[in-house]
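These notes are about the structure you will find just below.
Just so it is clear, none of the values below were taken in a lab; they were calculated from the coordinates. This structure is a prediction, so every number in the text was calculated from the model and none was measured. Because the Cβ atoms are built from the backbone with ideal geometry, glycine has one as well, and the counts that use them run over all protein chains shown.
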Amino acid sequence: MAIRVCGQAFLSLRSVWQRWFLWVLLAVLVLALLGTVVWLAGRHEAEQVQAALDRDTADAASDLRAGLQRNVQSLHALQSGGLDPGRWATESTALMRGHREWLRLEWRDLALRTMAVADTPYRVRHFDEATRNSAQSDVALACAAARKTEGAAYSPSHYVALPDSGGIEVMEMCLPTESGGYLIATYTLRDVLIELVAPTLRRGQEVSLTEADGTRLASVGTARRSGSRVFSTQQLIDLPGTALVLRVDGWRAAPDVFPNLLTGLVTAISIALVSVLVLLARDTRRRLRAENELADTLAFRKAMEDSVITGLRARDLQGRITYVNPAFCEMVGFSADELVAAGLGEAPYWPTELAHEYQKRQTHRLAGGMPPREGFESVFMHKDGSRFPVLIFEAPLINAHGVQTGWMSAFIDVSEQRRVEELSRASQERLQASARLATVGEMASLLSHELTQPLAAIASYASGSLNLLQGAQGDGAEVAMAVRRIAEQADRAGQVIRSVHDFVRRRDRTREPVAPQALLDAVLPLVRLQARKLGVRVDVQLEDALPAVLCDRTLVEQVLLNLARNAMQAMDMPEFKERVLLLRVSRAGGLRAAGAPADMRHWLTFAVADIGSGIADDVAERLFTPFFTTRADGMGLGLSLCRTVVEQHGGVLMHEPNRPRGTVFRFTLPMA
């Protein structure tokens, strides 16, 4: 019984010991981990501080060398125009004011005799002849080295005692002059640190210049504080004639705060690690289930967006494109990456001429302006430069929290719809023009029928008047001539009306050989009558030995008369002082135009030229369209009928710019 009790007690003690041993082992491991982390953190912090200090010291050494080199360039600039004793005082004084690190500037000859001196205005004078002679050997060595290298050289630093107490460490820089001599600048090493080293390096640190053996020459900055850790670094300043060492000593208070914070974080993380792992496992299962559902939803949405032909675009509140579907990319010709990478500013699919208007509209939209619910039309530019119309619908983009994050736009390409509408409109216009031409034909037939009898009566009265005036003398002869002209024009009007009547009814006209001179003679009286009213000079040019043309004389005369009147009206403007109408008939051997006969050797060309304002490009496209006119009192049928008459004769009516200004109308007629 006692043995059993002792055995149970032993097992219980062993179990307790094992449990406590595991906890003690876990605690030791955690403490070891914390101690290692703290030590590594402190070491890492020290390395970072030392690396930053090394980097700052290297930058300061570079700045120091650059500052000394700039000072050499300043001395070169001082002697660029030649050293003049008369200007020495002004120029050297100005130079000393800009260089606080200089204590003295001397101009010496080749024998190192002083010719001129300038002292710094920021200190009392430190040198006298006795003090200066004590440093003569260092100056001589620096100038000898400068003369040998033909550049600036520096002397070793030396101590200059102050009159009251203490002293300063200085060094000389010697620069040979072009005229034979030397410029010697005396530096105070402490002012060199102050002026040529960045102030940020001296904040909380001590910056000093030392010799190669470690002897400190000058120092600036903050002295070392007790209970702090020192970080030191140094850089060699190798100068011609001497060498200095730039040393920087920095420190930080101990112990550092960063390891303490890290210790607390590691302890808290160690305590919460197991709980976090359990929660993370449960959360991972929920996330995997949610991610699978989200992936299915995204795949469904992607398939739906890729299948629609409507372009979709999403923008954030700053106007940047965040999403486009394939339909929109195909619509504008840009890839999704190109559109998303466009950033702020003008979109690549905005037309250049409308970019400013679109920018204003986008600014208004981003400021909170609501678009119309029925949408609005706009014009986009494809990547190849072509424009196309689109219908845009926009709506705010709201996230799951009810906050607007941007705008969603839908685009419909309506170019095909506009093309169908344009074809329908053009067809409607052609139908209306055909109906109006039919109406004009009916009116022309009616007028030709109704005007035949009055014109016959005019001709009869004119013939009777001529019979009564036959044999008259003096004024009676002139009246007879006027009545004869009335009869001729009445007969001509009757012929025109009969020609129009036959033309409208599409009857075959009897064509006859007519000399070009006869065609011009028939219309010149009426042309010259209007030319006198408008102040136009009429010139006629005919080639020699022109054959007759086979034509309907009355209709061709009307074509010439209509073109001549149009040409004179084109010159009826105050700015045209010289007005010339040219009527020219020539052989058509050199004519080259669309629609002209292939063999032009058997054709004559009639040209009517003016020196008016010419024909604009937009007007030229519709010049021969029925009912199109640029005059307020015009019907728009003259040129259309002229072209029809010429084409019925097998010729072609065309126009081209005149030189130096104006327009030339040409038409061709076949030779008899």
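Please list, or write none, the lysines whose alpha carbon is within less than 23 Å of the alpha carbon of LYS533, excluding same-chain residues fewer than 8 places away.
LYS577
Evaluate E = 1/(1 + (r/R0)^6) for ARG622 and ASN399, where r is the Cβ-Cβ distance and R0 equals 51 Å; express this FRET efficiency to the nearest 0.05.
After rounding to 0.05, the efficiency reads 0.40.
What area, in nm² and to one decimal, does the C-alpha convex hull of segment 510-670 cast on average over all directions?
Its average projected convex-hull area is 9.6 nm².
Which ordering of TYR187, TYR159, TYR323 is given by a fewest-first count of other beta-carbon atoms within 10 Å?
Starting with the residue having the fewest Cβ neighbours, the order is TYR159, TYR323, TYR187.
With a 10 Å radius around each residue's Cβ, average the other Cβ atoms per peptide and rank 192-205, 73-86, highest first.
By packing density, highest mean first, the sequence is 192-205, 73-86.
Expressed as a whole number of Å, what is the distance separating the alpha-carbon centroids of segment 38-86 and segment 186-227?
Between the Cα centre of segment 186-227 and that of segment 38-86, the gap is 12 Å.
Given 0.36 nm per residue, what is the gain on full extension from LEU366 to ARG65 after removing their alpha carbon distance, in nm?
102.9 nm
For the residues TRP350, TRP88, what sequence is obtained by ranking on other C-beta atoms within 10 Å, fewest first?
TRP88, TRP350
Taking 7 Å along the Cα-to-C-beta vector as the label spot, tell me the ILE309-ARG285 distance in nanometres, rounded to one decimal.
Those two pseudo-labels are separated by 5.0 nm.
Would you list which lysines come within 25 Å of LYS360, measuring only between C-alpha atoms, while excluding same-chain residues fewer than 8 positions from it?
Qualifying lysines at Cα under 25 Å: LYS383.
With each label point set 7 Å from Cα along the Cα-Cβ vector, what nm distance links ASP164 and GLN359?
With each label placed 7 Å out from Cα toward Cβ, I get 6.6 nm.
Take the alpha carbon atoms of segment 298-363, find their center, do the same for segment 637-658, and report the distance between the two centers in whole angstrom.
What the calculation gives is 51 Å, centre to centre.
Which of ARG661, ARG528 comes first, and how do the rest follow, when ranked by fewest Cβ neighbours within 10 Å?
Fewest-to-most Cβ neighbours within 10 Å comes out as ARG661, ARG528.
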